[in-house]
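Below is one structure; the comments refer to it alone.
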Amino acid sequence: MTTQFKTISIDIIKDIALQAGNAIMKIYDKDFQIEYKDDKSPLTQADKLSNEIICTQLKKYFPTIPLMSEENAEVPFSMRKEWEYYWCIDPIDGTKEFIQKNGEFTVNIALIHKTIPVLGVVYAPALNDIYCSKKGEGAYKNGQKLPFLFNNEPQKCLRVVASKSHLSEETQSFIDNLDTLKIEQVSKGSSLKLCMVAEGSADIYPRLAPTMEWDTAAAHAIVIESGKEVVIYNENEAVVYNKEHLLNPWFIVR
């Protein structure tokens with residue numbers, strides 16, 4: 001791990017996420033316009049403002065570290081593959097949740113070292129919850145070390161979290177076939193699902209449906225530091241980042 005990584009303060013990243021979250025909430029509490037991107041996914045003024053705040057602040061504090069964000073122009077792989085470290089940002093994960101005003105949306109900032117998330121901040125401004133982690137320093141929710149909930153008898157009851165807005169037939173079939181006496185299934189929006197496994201309020205999060213790297217990177221860092229893992233479905237390999245194509249494989253958080 002280079003000196004550059006050691007000098008990055010998680011508190012600065014948390015503060016940037018809080019700034020973005022405060023700006024988002026000012027829009028959330030009013031009526032706002034919704035646009036649609038080419039892939040038909042929704043985009044709001046809050047996504048753009050959050051992105052602007054995060055990118056501006058990261059460039060100010062860390063001018064030599066490149067950025068990848070859902071809302072920025074895609075950087076060609078020929079350039080990206082040379083990056084040792086880069087920021088992977090989702091200014092609002094769960095835009096559908098934001099539009100529906102159910103509170104389950106997050107600000108996500110991750111630092112990736114080559115292909116692995118080594119620092120993550122996930123802030124849910126409507127819930128006033130902030131998760132964070134830095135490699136070798138543990139993972140935390142609102143200052144409390146993760147995990148803080150434990151299931152000692154998963155063979156009797158398995159707590160499963162699944163997507164609120166994107167639950168696929170394949171995911172539901174996987175859940176229905178889990179080897180346990182009882183399944184408690186809950187639905188949740190955004191990267192909060194990975195955070196639930198990290199904290200221990202869910203045992204497993206299967207995602208047999210599309211996601212992008214920025215959807216998972218920050219929460220993945222938190223999962224790793226809580227002693228859990230994000231593995232490719234039907235393989236024992238960890239999900240990795242800065243791939244040529246930024247679509248994640250189907251995965252299981254456990």
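The values are calculated or read from the model by the stated rules, or taken from the named source; none is laboratory data. This is a predicted model, so every value here is computed, not measured. Cβ coordinates were reconstructed from backbone atoms using ideal geometry, including for glycine residues, and neighbour counts include every protein chain displayed. The area values use the complete protein model at the heavy-atom level, side chains included, leaving out ligands, DNA and RNA. Shrake-Rupley method; radii C 1.70, N 1.55, O 1.52, S 1.80 Å.
Considering only the range 43-67, state which residues are open to solvent by less than 10 Å² (accessible area, probe 1.4 Å) and either in contact with a Lys or Arg (Cβ under 7 Å, 6 or more places away or on another chain) or of a type in the set (Gly, Ala, Ser) (or both).
Across the range 43-67, the qualifying residues are 46, 50.
Among the residues of the range 29-42, write down those that are open to solvent by 100 Å² or more (accessible area, probe 1.4 Å) and out of contact with any helix residue (DSSP H, G or I) (no Cβ under 9 Å at 6 or more places or on another chain).
29, 30, 31, 36, 38, 39, 40
When you scan the range 39-52, do you find a residue that is at negative phi, free of Cβ contacts under 8 Å to residues at least 40 places away in the same chain and either assigned to a strand (DSSP E or B) or within 15 Å of the chain's Cα centre (by Cα) (or both), even just one?
No: the range 39-52 contains no residue that is at negative phi, free of Cβ contacts under 8 Å to residues at least 40 places away in the same chain and either assigned to a strand (DSSP E or B) or within 15 Å of the chain's Cα centre (by Cα) (or both).
Kindly evaluate residue 160 against the criterion of being modelled with pLDDT of 95 or more, open to solvent by less than 60 Å² (accessible area, probe 1.4 Å), of a type outside the set (S, T, N, Q) and in a helix (DSSP H, G or I).
Taking the combined requirement at face value, the residue does not satisfy it.
If you take just the helices (runs of 4 or more DSSP H) that sit entirely in the range 164-247, which of them hold at least 1 residues that are aromatic (Phe, Trp, Tyr) and either in contact (Cβ under 8 Å) with a residue 12 or more places away in the chain or touching a Ser or Thr at 6+ places or on another chain (Cβ under 8 Å) (or both)?
Helices (runs of 4 or more DSSP H) meeting the threshold: 169-176, 213-225.
Among the numbered conditions (1) at pLDDT 95 or above; (2) open to solvent by 70 Å² or more (accessible area, probe 1.4 Å); (3) in a helix (DSSP H, G or I); (4) in contact with a strand residue (DSSP E or B) (Cβ under 9 Å, 6 or more places away or on another chain), tell me where residue 79 comes up short.
The one condition residue 79 does not meet is (4).
I'd like to verify a number: residues in the range 107-127 that are touching a Phe, Trp or Tyr at 6+ places or on another chain (Cβ under 6 Å) and within 14 Å of residue 20 (Cα to Cα), how many?
Residues meeting the conditions: 2.
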